[in-house]
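**Q** Before I ask anything, here is the structure I am working with.
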Number of protein chains: 2
Amino acid sequence: MAAAAAAVHEPEVIRDKAAMRAWSRRRRAEGKAVALVPTMGFLHEGHLSLISAAVAASAGPIAVVVSIYVNPSQFAPTEDLATYPSDFAGDLRKLAATGVVAAVFCPPDLYVRGSADRPSAAGASGGAVSCLEDAGGHAHETWIRVERLEKGLCGSSRPVFFRGVATVVAKLFNIVEPDVAVFGKKDYQQWRVICRMVRDLDFAIQIVGSEVVREADGLAMSSRNVNLSEEDRKKALSISRSLVDARTAALSGSNRSQEIKDQIVRTITEAGGQVDYVEIVGQGKLGACGEDGPPLCNLCRGLVWKGQAN
Amino acid sequence: MAAAAAAVHEPEVIRDKAAMRAWSRRRRAEGKAVALVPTMGFLHEGHLSLISAAVAASAGPIAVVVSIYVNPSQFAPTEDLATYPSDFAGDLRKLAATGVVAAVFCPPDLYVRGSADRPSAAGASGGAVSCLEDAGGHAHETWIRVERLEKGLCGSSRPVFFRGVATVVAKLFNIVEPDVAVFGKKDYQQWRVICRMVRDLDFAIQIVGSEVVREADGLAMSSRNVNLSEEDRKKALSISRSLVDARTAALSGSNRSQEIKDQIVRTITEAGGQVDYVEIVGQGKLGACGEDGPPLCNLCRGLVWKGQAN
């Protein structure tokens with residue numbers, strides 16, 4: 001009984017920002033580290049692996065918070081905000097089954113200002129005020145830009161994506177005030193953007209990058225996979241197959257990066273996929289091969305293989 | 001003896017980011033609120049009034065931190081970073097004489113990365129890492145933009161100023177982790193930018209705006225006043241004089257904002273000053289008269305009079 005690792009533990013569901021922050025501060029006052037796993041919900045094994053990574057990252061007692069929030073600011077008007085899948089009840093069941101999630105933070109909206117957020121207009125009297133605002137409130141206008149890393153790769157076709165991600169993650173950091181936060185390396189550029197933001201803005205948060213989790217047949221787990229037809233799901237396997245082939249070629253000594261990229265495009269296109277981009281880049285600055293550290297032949301073990309067919 | 005308000009108290013001088021954060025956390029663990037007064041040094045009565053405002057803002061026990069840091073990122077290459085005045089020993093004496101400053105944070109550089117800031121390259125092994133970086137480090141590339149408020153007024157002639165201010169203030173917030181931070185309303189647009197950033201990014205910090213402190217003859221106190229010749233100092237009085245006249249005109253019923261602005265320009269120009277801009281704006285969004293709340297005639301008590309002759 002003592003070793004029942006799969007004990008169900010119902011996490012506390014928190015919707016209010018101030019309540020979330022107060023909860024975190026209580027946990028820290030109890031001597032626990034707070035770990036945040038930000039998600040957009042519709043959870044799968046990949047998300048659960050982030051939770052495991054959060055637990056593994058801490059030597060001492062830890063309180064794990066999973067946030068579920070579909071962040072509107074990272075979607076361009078042409079993207080799939082309206083059809084992004086959700087299943088809150090199912091998510092809660094999965095989180096409870098982990099036995100290690102202490103709280104779920106699911107705010108209704110992180111950008112709209114309700115009356116509770118609007119301080120009084122005490123400023124007119126000349127006293128100390130907290131953020132005097134006009135009656136009626138304002139729209140959000142503060143954005144965090146990670147100016148080099150947000151460009152290129154996914155940033156080329158998704159111009160507001162990394163701005164929206166960096167900004168909402170900073171908001172979540174300021175609300176949850178975690179000691180540790182975990183991000184999946186499936187979204188590698190996002191992970192690099194977050195790491196850079198944390199370093200540049202001096203957030204006191206350890207960022208953990210967690211490895212890609214794949215289905216048995218190689219497909220990277222993603223909430224959006226539910227939108228694939230059976231036929232498209234088969235085509236999508238060409239992505240992981242082409243990346244494995246590319247990796248094999250590099251490990252066996254090929255340093256002809258253009259040939260390797262062409263082969264990836266060919267594999268995916270022949271399977272009926274449409275390629276957004278294929279690049280071979282260094283891990284740190286995500287610069288093209290040769291620009292960012294040693295050239296391909298010396299780096300093959302450390303390369304990031306990006307071949308997303310959006 | 002018990003009422004010796006002017007007791008000297010030597011503040012602790014802290015240069016290291018991690019030491020600063022640890023110091024703040026200890027104060028909070030002792031039940032104190034931490035108040036931050038960010039400055040660029042060369043302190044005058046205006047700065048000391050910010051410290052008084054910090055003390056006044058807190059009902060309970062408080063630990064006041066004054067930061068002294070000339071932030072390079074808010075200066076354009078054409079501006080006066082190289083000649084910005086400094087007097088660290090004098091600043092420390094003044095802060096000690098207040099009797100209420102617990103710590104002075106004066107970091108050597110908040111943008112350059114030393115080896116201490118660079119985590120190990122443990123990422124290649126696939127384990128949990130905190131911000132894997134390439135050898136050699138990178139320059140800062142994360143910037144916070146408050147996209148509407150940073151435009152216009154001082155933003156027109158100082159294109160990187162508010163970006164640099166917002167970013168360094170966020171860094172100081174993440175290092176010092178204050179409950180309260182105080183900014184002078186002399187730099188009114190800056191104060192509005194900080195308030196908006198704090199609201200939009202959900203910083204758990206009360207922002208206090210503190211009134212302008214003037215010399216007996218009306219000149220707003222500023223560290224840069226030391227750079228004025230005796231003649232220029234006399235000319236500069238035309239700024240406060242013209243603003244007082246404009247305020248008087250508005251209070252006596254004038255709603256002809258263009259006439260009022262023209263008169264301000266005339267007063268300053270006739271005194272030999274060069275006008276950068278004169279605008280009459282609403283307090284919240286800093287929009288031009290009529291665009292941002294009720295028109296001038298109904299708002300005159302609440303108007304911000306900006307007439308900076310840089």
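**Q** With respect to the numbered conditions (1) small (Gly, Ala, Ser); (2) surrounded by 24 or more Cβ atoms within 10 Å (Cβ to Cβ); (3) over 10 Å from the mean Cα position of the chain (by Cα), which one is the sole condition not fulfilled by B:Gly218?
**A** (2)
**Q** Follow-up question, since we're still on this one. For A:Ser130, only one of the following conditions fails: (1) under 17 Å from B:Ala204 (Cβ atoms); (2) at pLDDT 80 or above; (3) at the interface with another protein chain (Cβ under 7 Å from one of its Cβ atoms). What is its number?
**A** Unmet condition: (2).
**Q** Only one of A:Ser254, A:Ser242 is buried (at least 19 other Cβ atoms within 10 Å of the Cβ) and not charged (D, E, K, R); which?
**A** So the residue among A:Ser254, A:Ser242 that is buried (at least 19 other Cβ atoms within 10 Å of the Cβ) and not charged (D, E, K, R) is A:Ser242.
**Q** In segment B:4-33, which residue that is within 14 Å of chain A (Cβ to nearest Cβ) and under 21 Å from the mean Cα position of the chain (by Cα) is farthest from B:Leu92 (Cα to Cα)?
**A** Residue satisfying both the conditions and the ranking: B:Ala33.
**Q** Here is a further query. Within segment B:56-79, how many residues are part of a loop (DSSP other than H, G, I, E, B) and either farther than 15 Å from B:Val160 by Cβ or among the β-branched types (Val, Ile, Thr) (or both)?
**A** Residues flagged as part of a loop (DSSP other than H, G, I, E, B) and either farther than 15 Å from B:Val160 by Cβ or among the β-branched types (Val, Ile, Thr) (or both) within segment B:56-79 amount to 7.
**Q** Looking only at segment B:59-77, how many residues end up being over 28 Å from B:Gly90 (Cβ atoms) and either without any contact (Cβ under 8 Å) to a residue 24 or more places away in the chain or surrounded by 20 or more Cβ atoms within 10 Å (Cβ to Cβ) (or both)?
**A** Number of matching residues: 2.
**Q** For segment B:181-214, how many residues meet the condition of being facing another protein chain (nearest Cβ under 10 Å) and not aliphatic (A, V, I, L, M)?
**A** Of the residues in that region, 13 qualify.
**Q** Return yes when A:Ser252 is modelled with pLDDT under 95 and farther than 29 Å from A:Ala57 by Cβ and no when it is not.
**A** yes
**Q** Here is a list of conditions, (1) at the interface with chain B (Cβ under 7 Å from one of its Cβ atoms); (2) touching a Leu at 6+ places or on another chain (Cβ under 6 Å); (3) of a type outside the set (D, E, K, R), and A:Pro178 meets all of them except one; can you say which number that is?
**A** Every condition holds for A:Pro178 apart from (1).
**Q** In addition: Testing B:Tyr277 on (1) among the aromatic types (Phe, Trp, Tyr); (2) crowded, with 18+ Cβ neighbours inside 10 Å; (3) over 30 Å from A:Leu172 (Cβ atoms), one condition comes back false. Which one is that?
**A** Result: B:Tyr277 fails condition (2) only.
**Q** Let me ask you something else. Looking at segment B:151-160, is at least one residue within 24 Å of A:Arg199 (Cα to Cα) and not charged (D, E, K, R)?
**A** yes
The values are calculated or read from the model by the stated rules, or taken from the named source; none is laboratory data. No experiment lies behind these values; they were computed from the predicted model shown. Cβ atoms come from the backbone with ideal geometry, glycine included; neighbour counts cover every protein chain shown.
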